[in-house]
Amino acid sequence: MSERFNQFLIQALVILIATLASACVRNPAPIEPVPPSPPPADDPVQAAPLSPPPAPEPPPQPPLVPDDEFEVRSLEDLNRDSPLEPVFFNYDSSSLEEEARAVLEKNAKIIEQNPEWIITVEGHCDERGTAEYNLSLGERRALIARDYLVEMGLAAIRLRTVSYGKEFPFDPASTEMAWSENRRAHFVITAR
C-alpha cells in the first residue's frame with residue numbers, strides 16, 4: 001500500500017503543480033510592438049528622424065499702446081500738431097462767420113471723442129488798438145467760441161477761456177494778411 005500511496009501522492013502533486021502552472025500562464029506578459037524599420041537612406045525626407053510637430057504659435061497679444069494716437073502723445077506734442085483748428089474773426093468783430101462755425105463743429109467732434117481733454121480757448125487780436133481794448137475783444141472772441149461749443153453739447157466745465165489781446169500773434173508782421181491770422185480764437189489742450 002505504501003507504493004500505491006506514493007503513486008497517489010505523486011499524481012496529486014503533479015496535478016497540483018499543473019494547476020498552479022496554468023494559473024500563472026493565464027496573464028501572459030504584454031508583447032511590445034516592434035519599432036518600424038528606418039526608411040531607406042536615399043530618401044532624405046524619410047531618412048530624417050521623426051520629431052514632434054512644432055507647438056502652435058500663441059495668439060497675438062493686444063497692442064500695449066492705445067489705438068487712438070491722441071492718447072499716447074504728450075500735451076506738448078498734441079498742441080504742436082493740434083487736431084483743433086483756430087477760428088478767425090473779421091476786424092474789430094467777435095461775431096462767428098459761417099466758416100468759423102464749420103470749424104467749431106469739426107473741433108467739437110474731436111473734443112467729444114476725447115472726453116478726458118480740458119480745452120482752453122484763447123482769444124487773440126491783431127496789433128491795432130489799445131492793450132485794454134484788445135484784451136476785451138480777445139475775451140469776447142474766446143467766450144463766443146466757447147459758448148458755441150457748449151451749444152453743440154460739450155460740457156462748459158471742460159472749456160476754459162483766456163484773452164491775450166495782441167500779445168501772442170501768429171504772425172508778427174504789420175500787414176493785412178498777418179493781422180487776419182492774428183484775429184482768432186485758438187484752442188489749446190491744457191489737461192487730460
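Restricting attention to region 171-191, the residues that are in contact (Cβ under 8 Å) with a residue 12 or more places away in the chain and out of contact with any strand residue (DSSP E or B) (no Cβ under 7 Å at 6 or more places or on another chain) add up to 4.
Taking region 100-117 as the range and being part of a helix (DSSP H, G or I) and surrounded by 18 or more Cβ atoms within 10 Å (Cβ to Cβ) as the test, the residues that pass are Ala100, Val103, Leu104, Asn107, Ala108, Ile111. Among the residues of region 75-91, those identified as at pLDDT 95 or above, surrounded by 13 or more Cβ atoms within 10 Å (Cβ to Cβ) and either over 21 Å from Gly138 (Cβ atoms) or not aromatic (Phe, Trp, Tyr) (or both) are Leu84, Glu85, Pro86, Val87. Of the candidates Ala185, Ala145, the single residue that is closer than 30 Å to Ser74 by Cβ, small (Gly, Ala, Ser), assigned to a strand (DSSP E or B) and at pLDDT 95 or above is Ala185. Somewhere in region 128-135, is a residue part of a helix (DSSP H, G or I), crowded, with 16+ Cβ neighbours inside 10 Å and in contact (Cβ under 8 Å) with a residue 12 or more places away in the chain? The answer is yes, given that some residue of region 128-135 is part of a helix (DSSP H, G or I), crowded, with 16+ Cβ neighbours inside 10 Å and in contact (Cβ under 8 Å) with a residue 12 or more places away in the chain. The lone criterion from (1) closer than 20 Å to Asn107 by Cβ; (2) part of a helix (DSSP H, G or I) left unmet by Gly153 is number (2). When Leu75 is tested against (1) within 20 Å of Pro172 (Cβ to Cβ); (2) in contact with a strand residue (DSSP E or B) (Cβ under 9 Å, 6 or more places away or on another chain), exactly one condition is not met: (1).
The values are calculated or read from the model by the stated rules, or taken from the named source; none is laboratory data. Predicted model, so just to flag it, every value in this text is computed and none were measured. When we count neighbours, we look across all protein chains shown, and the Cβ atoms used for this are built from the backbone with ideal geometry, even at glycine.
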